[in-house]
Each structure stands twice: as structure tokens, then as C-alpha cells.
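Chemist: Here you go, one structure.
The values are calculated or read from the model by the stated rules, or taken from the named source; none is laboratory data. Source: prediction; values computed, not measured. Cβ placement follows ideal geometry from the backbone for every residue including glycine, while neighbour counts extend to all protein chains displayed.
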Amino acid sequence: EYLGQKVTDAVITVPAYFNDAQRQATKEAGEIAGLNVRRIINEPTAAALAYGLDKRGKTMTVAVYDLGGGTFDISILEIGEGVFEVKSTSGDTHLGGDNFDQRLIDYIADEFKRQEGIDLRNDPMALQRLREAAEKAKCELSQMLQTEINLPFITATADGPKHLQMTITRAKFEQLCNDLFERTLKPCEQALQAAKLTPDKIDEVILVGGSTRIPRIQELVRNFFGKEPSKSVNPDEVVAVGAAIQGAVLSGEVTDVLLLDVTPLTLGIETLGGVMTPMIPANTTIPTRKTEIFSTATDNQTSVEIHVLQGERPMARDNRSLGRFHLDGIPPAPRGVPQIEVTFDIDANGILTVTARDKATGKQQDIRITASSGLSKEEIERMKRDAQEHAAEDKKRREEIELRNQADQLVYQTDKQLQELGDKLSAEHRSGIEQAKERLQDAIKNNPADIRPAMDALTKAWNDASAAMYQASSTGGGSTSGTTTGSGDGSAATPGVEDAEFTVVDDK
């Protein structure tokens, strides 16, 4: 009705921290509303696109500083030859214009209470008028050095009506909110660190969101990055302008712009011992596709479960589960022999599809991550903080799991080698190997601290047995030149140690 024509296609912008489920939910909501959603793009990407068109042909690194009413986001992008690539993102989910309003409200209410003995915050009607006046004063202080707040008949007592009249200076406003303003700098540091950059490497800073009109904010940004931020596009409209440009790209009206967003969190699968094996790291440019080869954990295993995870912790249980599915019909074979090809595919809208295929039979299953129980931005940030806080603990736990997996594989290979070698091993060496194997099995079950010494003991037992076999082969006529050749099939070598179940056997 407003445009005077029917709208059928849409480009929708979302916060950079939206995960797969939230992007899918946003896309489906648009489709339910009758729109053909052509593309989901990140808000800072759209903002950079709005600024980038007049700078084509020049490669630059851009910081998009987005301070709105309730949240703050900072994104680092690389722009060049029509390509927009998001290098990193960070932010604060509880920081924005509403917080600045609240500081003004509290200050005015405290002053009024001191003068009149009445707390306006206990009167919903008075508080609403005060909130509107505080927001208006905040906006005016971006243009003027002081402003008047005049609220007649704000409340009443037995003595009659009370009026609120107060002058607020820009200096007072900045004093009240300075700690909030400076809180935006920490995410800026984190985003630069993730992009492996320093402030002097940023070529341009773009301001997005109405709160960036505050002079003190602009001053902080200028001092932090060492350059004047760009304000030529209305900060309230810049994201919409970028989305419109992307719509023009998709409709063919503009042909020389390409957008590349990034994944907010690491994506991976659960492997033996409850470990998360990363497939696509956080801040990977999308669309992207990654394939790895995994295998089975036990002999004659005919089915595997693919557990898809999202998060930054090394243990599966500490990350978010995106979904599970099974690949059945794998031909029976010894553990580690089947080759299961797992592919993660993220499209331009950030929607994830995971496929598992048995290379021997060609059978495959897949899952498309749907919009169920999406993470909020707060949860994503909490997951990142948890990963940092528990880094040492997680590293130790992962090392313990990997050591247990190696020990289990050594036991498996020992049983296999003992069976294959038969009477090639002397009774003495066979007994020594079996005793060392039993000690290792006991350590795996009952005393993890003894796993490493037990593995070393079993490996030494194998080395002693192998040396004896080579010597016997050499002195017994197995070699005419005096060179040790070993057994015919080389099977007497110390068993190799490798992870089982979904362990990469052909990296890349």
C-alpha cells in the first residue's frame, strides 16, 4: 500500500551472530508472510555494502561499528574488487541507547526525589513521561550543548501539583554514561584480535545505528581507530540501503558485487570418547563446503551415528547439538577400514546441510538443520566465554580422551597382531605382550593415570619381540646378505596407534 505495488521478493538482514537455526527460522517466517526470500545477509555486511559502492577498485579493511537501541555489534570486513568478506564479529547484547536513556532517567528521578521527596519511578504514568523526555533529551544533546526538560504536573501531593523542570548539559550526559560508552571498546579489541589486525590496519570505520550520533561515541571511535569515522549515510537507514543494493544484485540490476559472510561458531561432529571434531571453524567465509573421511569404532559395525554440533568447547557434551542421523548398511569390516565421507555444506543464507556417504556402497544420508530451539546472541557469547574460561580444563580432558582412544586402539592392534603372527612369536614374548596388554586394559578401565606407562610397557614388549624375530630371521637363513629384512608381510612391527570411530584417515 505504501509503495503502491505488490512486493514478492525480499532480502532480509539479520544480526551477524544469528546461528543456522535462527537464519532458517527468519527465512521461513518471510515465506509464511508470502515473500520469496532471495537472500539472508548480515546487518554489518549490508552496511558495508551501502558504503562500498563508491569505493570500488580499492581494496580496504573496514570496521562496522553498530550501536543501536539495545545491542552493540562490531564487524571487521575486507572489501575489494566488488567482494565483501566478513573477517570477524563481536559485540555486547546488553548495551545501547536504552541503557543511556536509563542513566538519564535515574539521574533526573534522583534529583527530583532529592528536591521533592517523591520517587517518580514508583508512578508508571510519570515514569513513562520521564522516559520519553529522557530519550528526547539524549537526541537533542547530540546537536546541542544543553537541553531543557519540562514536565508540568508530573505528579501531585497534598500540597498540590508538582512540576519537573531541569537543565541537562552534554557534559553531564557524557559523565553519566561514560562507562557505558567505553564498554564498546572491548568488543572492538576482540574483533580485531579475531581478524589478526591492529587498529592502524583499519582503512575506514562505518557508523551504524542511531546511538552513533552521540558526539562522545564518535570521539571514542575516532581515538580507538585513529581515524575519522564515516557518517555520510544515515545510520538509521544504512542497513536497509545495503539490503536494497543486494536486492539489485540478485535481480541483475547490479552485477559487480559479491557478498561473503562468516559462520559465528565452529561446526563439527562427535567422535570416539565424546570429543568434538571441528569441520568448519568459527569465522569461516560462507558459502562453504568441507569434506572429511571418518571410519568405524568396532569390528563389523554396520551403522554409524552422525551427531552434528555447534560451539567452541573440545568436548561434545559442552556444545550445542544441532541434530543427529544414522547411516546404515555399511558392509561388515574390521574397525578403521570403512571410509565414511562426511560433508558439511553451508549455503549463502547460512543454512547447514550435513551428508554422510559410505564410499564402498555409495549409500548416503543427510540432515538439513531446521529452525528448532535457536541460540540467542547472549547464548552464543556465553558459549565463547565458557570456551575461554575452561580452555585449560578442556585441553586436559581432551588429552585424556585421546590417550584412552590411543590405548584402546593399541589393545585392538595387539590382539590382531597376536592372531596374525601365530607361532612366529616365542612363548616368552607372547606371554610378555599379553601381560602388558592386560595391564593396559586394566588401566583403561580402572586407573587412567597408569595408561601412559602401560602403553609404553606394551610398546616395549612389542619392540623386544620384533627385534628377536628379526634376529631369528637373519641368523636362520632368511637373509643371504646380512641385511635385516623382517618377516615377509612386515606384520611384526609395533602396532600403529590411531583414533577410532569417525577418525580422519584421509585428511583432505
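Chemist: Could we say that Asp261 is in a strand (DSSP E or B) and modelled with pLDDT under 85 here?
Modeler: Working: in a strand (DSSP E or B): yes; modelled with pLDDT under 85: yes.
Yes.
Chemist: Considering only strands (runs of 3 or more DSSP E) fully contained in the stretch 270-329, which possess at least 2 residues that are of a type in the set (D, E, K, R)? Steps first, answer last, please.
Modeler: On the way: elements: 275-280, 288-294, 303-310, 320-328.
Where strands (runs of 3 or more DSSP E) fall fully within the stretch 270-329 and carry at least 2 residues being of a type in the set (D, E, K, R), they are 288-294, 320-328.
Chemist: Considering only the stretch 114-126, state which residues are in contact with a Leu (Cβ under 6 Å, 6 or more places away or on another chain) and within 25 Å of Asn178 (Cα to Cα). Full working, then the answer.
Modeler: So the first thing to find is which residues in the stretch 114-126 are in contact with a Leu (Cβ under 6 Å, 6 or more places away or on another chain), and the list is 120-121, 126.
Hits for the stretch 114-126 are Leu120, Arg121.
Chemist: Looking only at the stretch 193-218, filter to residues that are in contact (Cβ under 8 Å) with a residue 24 or more places away in the chain and assigned to a loop (DSSP other than H, G, I, E, B); which one of those is nearest to Asp92 (Cα to Cα)?
Modeler: Of everything passing the filter in the stretch 193-218, Gly209 is nearest to Asp92 (Cα to Cα).
Chemist: Here is a further query. From the set of residues in the stretch 269-325 that are crowded, with 18+ Cβ neighbours inside 10 Å, hydrophobic (A, V, I, L, M, F, W, C) and more than 28 Å from Thr89 (Cα to Cα), which is nearest to the chain's Cα centre (by Cα)?
Modeler: Ile306
Chemist: What's the number of the condition Leu104 fails, among (1) loosely packed, with under 15 Cβ neighbours inside 10 Å; (2) in contact (Cβ under 8 Å) with a residue 40 or more places away in the chain?
Modeler: Going through (1) loosely packed, with under 15 Cβ neighbours inside 10 Å; (2) in contact (Cβ under 8 Å) with a residue 40 or more places away in the chain one by one, Leu104 breaks only (1).
Chemist: Filter the helices (runs of 4 or more DSSP H) completely within the stretch 345-454 down to those with at least 1 residues that are in contact with a Leu (Cβ under 8 Å, 6 or more places away or on another chain) and not assigned by TED's automatic domain parsing to the domain that holds Thr291. If you could, list the steps in order and put the result at the bottom.
Modeler: Numbers: elements: 377-389, 391-421, 427-446.
Counting at least 1 such residues, we get 391-421, 427-446.
Chemist: Could you check how many residues of the stretch 429-446 are in contact with a helix residue (DSSP H, G or I) (Cβ under 9 Å, 6 or more places away or on another chain) and either under 16 Å from Ala407 (Cα atoms) or surrounded by fewer than 19 Cβ atoms within 10 Å (Cβ to Cβ) (or both)? Give the steps one after another, and end with the answer.
Modeler: Taking the stretch 429-446 first, the residues in contact with a helix residue (DSSP H, G or I) (Cβ under 9 Å, 6 or more places away or on another chain) are 429-430, 432-437, 439-444.
Filter once more, so that each one left must be either under 16 Å from Ala407 (Cα atoms) or surrounded by fewer than 19 Cβ atoms within 10 Å (Cβ to Cβ) (or both): 430, 433-437, 439-444.
Number satisfying all stated conditions: 12.
Chemist: Cβ contacts < 6 Å: first residue farther than 20 Å from Leu141 by Cα, restricted to the stretch 174-192; second residue buried (at least 16 other Cβ atoms within 10 Å of the Cβ) and hydroxyl-bearing (Ser, Thr, Tyr), any location; separation 6+ or different chain. Result?
Modeler: Pro187/Ser90; Gln190/Ser90; Ala191/Ser88; Ala191/Ser90
Chemist: Would you mind telling me which numbered condition in (1) at negative phi; (2) outside the structural domain of Val342 (by TED's automatic domain parsing); (3) touching an Asp or Glu at 6+ places or on another chain (Cβ under 9 Å) Ile217 fails?
Modeler: (3)
Chemist: Name every residue in the stretch 107-126 that is free of Cβ contacts under 8 Å to residues at least 40 places away in the same chain and either in the same structural domain as Val208 (by TED's automatic domain parsing) or closer than 27 Å to Pro215 by Cα (or both), in order of residue number.
Modeler: Listed by number, the residues that qualify are Ala109, Asp110.
Chemist: Taking Pro235, is it crowded, with 17+ Cβ neighbours inside 10 Å, modelled with pLDDT of 85 or more and assigned by TED's automatic domain parsing to the domain that holds Ser211?
Modeler: Here the answer is yes, as Pro235 does meet what is asked.
Chemist: Another question about this same structure. When you go through (1) touching a Phe, Trp or Tyr at 6+ places or on another chain (Cβ under 6 Å); (2) assigned to a strand (DSSP E or B) one by one for Leu95, which number turns out not to apply?
Modeler: (2)
Chemist: Might you let me know whether the stretch 219-230 holds any residue that is of a type in the set (Ser, Thr, Tyr), outside any strand (DSSP E or B) and touching a residue at least 60 places away in the same chain (Cβ under 8 Å)? Write out each step before concluding.
Modeler: If we filter the stretch 219-230 for residues that are of a type in the set (Ser, Thr, Tyr), which is where we start, we get 230.
Checking the rest, the ones that are also outside any strand (DSSP E or B) come to none.
Within the stretch 219-230, not a single residue is of a type in the set (Ser, Thr, Tyr), outside any strand (DSSP E or B) and touching a residue at least 60 places away in the same chain (Cβ under 8 Å).
Chemist: Give Glu43, Glu85, Glu78 a once-over and let me know the one that is modelled with pLDDT under 90, crowded, with 23+ Cβ neighbours inside 10 Å and either under 18 Å from Ala240 (Cα atoms) or touching a strand residue (DSSP E or B) at 6+ places or on another chain (Cβ under 7 Å) (or both). If you could, list the steps in order and put the result at the bottom.
Modeler: Numbers: Glu85 fails: crowded, with 23+ Cβ neighbours inside 10 Å; Glu78 fails: crowded, with 23+ Cβ neighbours inside 10 Å.
Among Glu43, Glu85, Glu78, only Glu43 is modelled with pLDDT under 90, crowded, with 23+ Cβ neighbours inside 10 Å and either under 18 Å from Ala240 (Cα atoms) or touching a strand residue (DSSP E or B) at 6+ places or on another chain (Cβ under 7 Å) (or both).
Chemist: Residues Ala47, Ala16: which one is out of contact with any Leu (no Cβ under 8 Å at 6 or more places or on another chain), closer than 30 Å to Ser321 by Cα and in the same structural domain as Lys201 (by TED's automatic domain parsing)? Outline the logic, then answer.
Modeler: Details: Ala47 fails: closer than 30 Å to Ser321 by Cα.
None of the others qualify; the one that does is Ala16.
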